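The values are calculated or read from the model by the stated rules, or taken from the named source; none is laboratory data. The model shown is predicted, which means the values in this text are computed figures rather than measured ones. Here the Cβ positions follow ideal geometry from the backbone for every residue, glycine too, while neighbour counts run over all protein chains shown. When the accessible area is computed, the model is the full protein with side chains, heavy atoms only, and any ligands, DNA or RNA have been set aside. Shrake-Rupley method; radii C 1.70, N 1.55, O 1.52, S 1.80 Å.
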Amino acid sequence: MIVKKFEQITTSHPKDSSFGDNWSRPYEYATAIQEMEKLNPTTVHNACWGFEGCHILFKNELEKIYGTQNVLNSDMIESAVPNTQVWNAFNPPRPEWYDCFDVALCISTLEEVENFRGAWDIPGGKFQRQMWVLQRISQTVKPGGHIILTFDYPGLELTQFEAHFKEEFKYNKDIAVLSEGRHTFSCGLLILQK
């Protein structure tokens, strides 16, 4: 995987209101859709961890844009949302998912991996578990396809990601983390190509 883009994103995105003011940061979803428009994918894997609030709206928006038959929604926890598969990404993807999608989305998921079943079976620390899940998600993407990640800052182990990808990410390392309930007002966007 190679890094195609990294940036900090904030609440100033014009599509914010389309995802409401639910539990998560709506601008992450709007930014992901904007980035996907540039890539023009046909098939999309939305590998997420939750099914509340904005997550449901986002899933519906993806299906509206790309068609239900071209979007796989998978949650790392049990979900009652229609058209959503349960897949704990610590496990291998289903055989029919390998090299199948133009884009995989991972919206505010990697920073949560410590909370998933199987996390502590992976040796090492938080970074190793984040990379394990990222590698599993990348297996669902076609060669040349993309993975679009958003994540809490400082939720992802950025210095270790920089070392792994041999890339310096430009971001404000001194940013004040402002609480929005459990979340921060600042998050990152990372686009990788397989």
> Do you know which residues across region 149-168 are within 18 Å of the chain's Cα centre (by Cα), farther than 14 Å from VAL113 by Cα and of a type in the set (A, V, I, L, M, F, W, C)?
Replying inline: LEU158, PHE161, PHE165
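Can you give me the number of residues within region 36-45 that are assigned to a helix (DSSP H, G or I) and surrounded by fewer than 19 Cβ atoms within 10 Å (Cβ to Cβ)?
Step one: list which residues in region 36-45 are assigned to a helix (DSSP H, G or I), which gives 36-39.
Filter once more, so that each one left must be surrounded by fewer than 19 Cβ atoms within 10 Å (Cβ to Cβ): 37-39.
Residues in region 36-45 being assigned to a helix (DSSP H, G or I) and surrounded by fewer than 19 Cβ atoms within 10 Å (Cβ to Cβ): 3 in total.
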> Is there any pair with a first residue in region 60-79 that is touching a residue at least 24 places away in the same chain (Cβ under 8 Å) and a second that is crowded, with 22+ Cβ neighbours inside 10 Å and of a type in the set (Lys, Arg) whose Cβ atoms are under 8 Å apart and which are 6 or more apart or on different chains, and what are they?
Replying inline: VAL71/LYS59; ASN73/LYS59
>> Looking only at region 141-166, filter to residues that are farther than 22 Å from GLN34 by Cβ and either touching a Ser or Thr at 6+ places or on another chain (Cβ under 9 Å) or among the acidic types (Asp, Glu) (or both); which one of those is least open to solvent (accessible area, probe 1.4 Å)?
In response: GLU162
> Exactly one of (1) at pLDDT below 85; (2) touching a strand residue (DSSP E or B) at 6+ places or on another chain (Cβ under 6 Å); (3) open to solvent by 20 Å² or more (accessible area, probe 1.4 Å) is unmet by GLU180. Its number?
Replying inline: (2)
> Only one residue in THR68, THR43, THR84, THR11 is touching a Phe, Trp or Tyr at 6+ places or on another chain (Cβ under 6 Å), polar (S, T, N, Q) and modelled with pLDDT of 75 or more. Which one?
Replying inline: THR43
> For region 112-130, what are the residues that are open to solvent by 20 Å² or more (accessible area, probe 1.4 Å) and in a helix (DSSP H, G or I)?
Replying inline: GLU112, GLU114, ASN115, TRP120, ASP121, LYS126, PHE127, GLN128
> Hey, among ASN73, ASN22, ASN60, which residue is buried (at least 23 other Cβ atoms within 10 Å of the Cβ), at pLDDT below 90 and among the polar types (S, T, N, Q)?
Replying inline: ASN73
